[in-house]
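Peer 1: Okay, here's the structure, questions in a sec.
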Amino acid sequence: MKRIFWQLTFFCLAISGSWTVSARDKDDYARSREAMVASQIVDRGITDPDVLRAMRKVPRHLFVPENYRASAYADYPLPIGEGQTISQPYIVAFMTEVLRLKPGDRVLEIGTGSGYQAAILAEIVKDVYSIEIVEALAKRAERTLIDLGYPNIHIRIGDGYKGWPEKAPFDGVMATCAPEQIPETLVDQLREGGRMVIPVGREGAIQRLIVGIKRGGRLKTEEAMLVRFVPMVGDDR
Ligand code: SAH
């Protein structure tokens, strides 16, 4: 039964893949995006209307390299160059939902990558501060986000372990790369009552996606699921 399911899944992916390549106009991408939200996001239990609205709106295909556009709305992560990846759509939606964001919030993201996650956040909150350590990725993301018109996303080239002290405290902190431990600096830069979502664990190993809320100056944490992210490189001291 399981085997038939996977065979069917791959068959459908193959079909939808070639179909998207041959008809690359906006409407086709919009339809793929709508289908992605229905089957990968809503069906798996994401309910926050702001998150669903953002996932329906942001053109994910414009954040992936051209040769991967046909798979932009598929149910898996994709390479974005420099050995990095854009997360699977469901993970993006899940990590956004658990931050319980409000329109006036200011969020810090570590790991800009393609800029897709930053765009999803920027559809919901007032300001997004996103740090990327690989200059080429930061510059490309900046270009994409300027072209799409996101003046409320601020990108810094630098080491996320340091956070963005001048703009702290943040209402939410999200890391899309995995440190071995939760960096204390990032907890310090979260406001009291604010939430953090961060994958934690060694490179190449299964990591834990941690969701935390800051209470009494400390992060109270829960483990949400097992995940695999690229490592948070840089200086963890
Ligand atoms: N959020 C991204 C996915 C990013 S993949 C998106 O939506 O596309 C993780 C990113 O974290 C990579 O681009 C990697 O270069 C970056 N990264 C790794 N270590 C970092 C660090 N110490 N500070 C900032 N960015 C880092």
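Throughout, read-outs are computed from the coordinates displayed, never taken from laboratory work. Nothing here was measured: the structure is a model prediction, and the numbers come from that model. Cβ atoms come from the backbone with ideal geometry, glycine included; neighbour counts cover every protein chain shown.
Peer 1: Report the full-extension gain for the segment GLU184 to ARG215: residue separation times 0.36 nm, less the Cα-Cα distance, to one decimal in nm.
Peer 2: Here the segment from GLU184 to ARG215 would lengthen by 9.7 nm.
Peer 1: I've got another one for you. How big is the antiparallel share of DSSP beta bridges in the stretch 4-228, given as a percent to the nearest 5?
Peer 2: 50 percent
Peer 1: Let me ask another. Show me the helices of the chain, taken as full DSSP H stretches, that run 27 Å or more along their long axis by Cα and average 0.5 or above in Kyte-Doolittle hydropathy.
Peer 2: 2-22
Peer 1: Answer with one residue from LEU121, MET36, LEU101: the one whose Cα lies farthest towards the positive end of the charge dipole of the stretch 4-228, charges on Cβ with Lys, Arg +1 and Asp, Glu -1.
Peer 2: LEU101
Peer 1: Take the alpha carbon atoms of the stretch 4-228, find their radius of gyration, then divide it by 2.2 N^0.38 Å using N residues; give the quotient.
Peer 2: 0.99
Peer 1: So, one more: Round to a whole angstrom and tell me the spacing of the C-alpha centers of the stretch 34-101 and the stretch 145-173.
Peer 2: 20 Å
Peer 1: Can you pull the one-decimal nm distance between simple spin-label points at ARG202 and GLN88, each 7 Å off the Cα toward Cβ?
Peer 2: Roughly 2.3 nm, to one decimal.
Peer 1: Stretch ARG53-LEU226 to full length: gain in nm at 0.36 nm per residue minus the Cα-Cα span?
Peer 2: Between ARG53 and LEU226, full extension yields an extra 59.7 nm.
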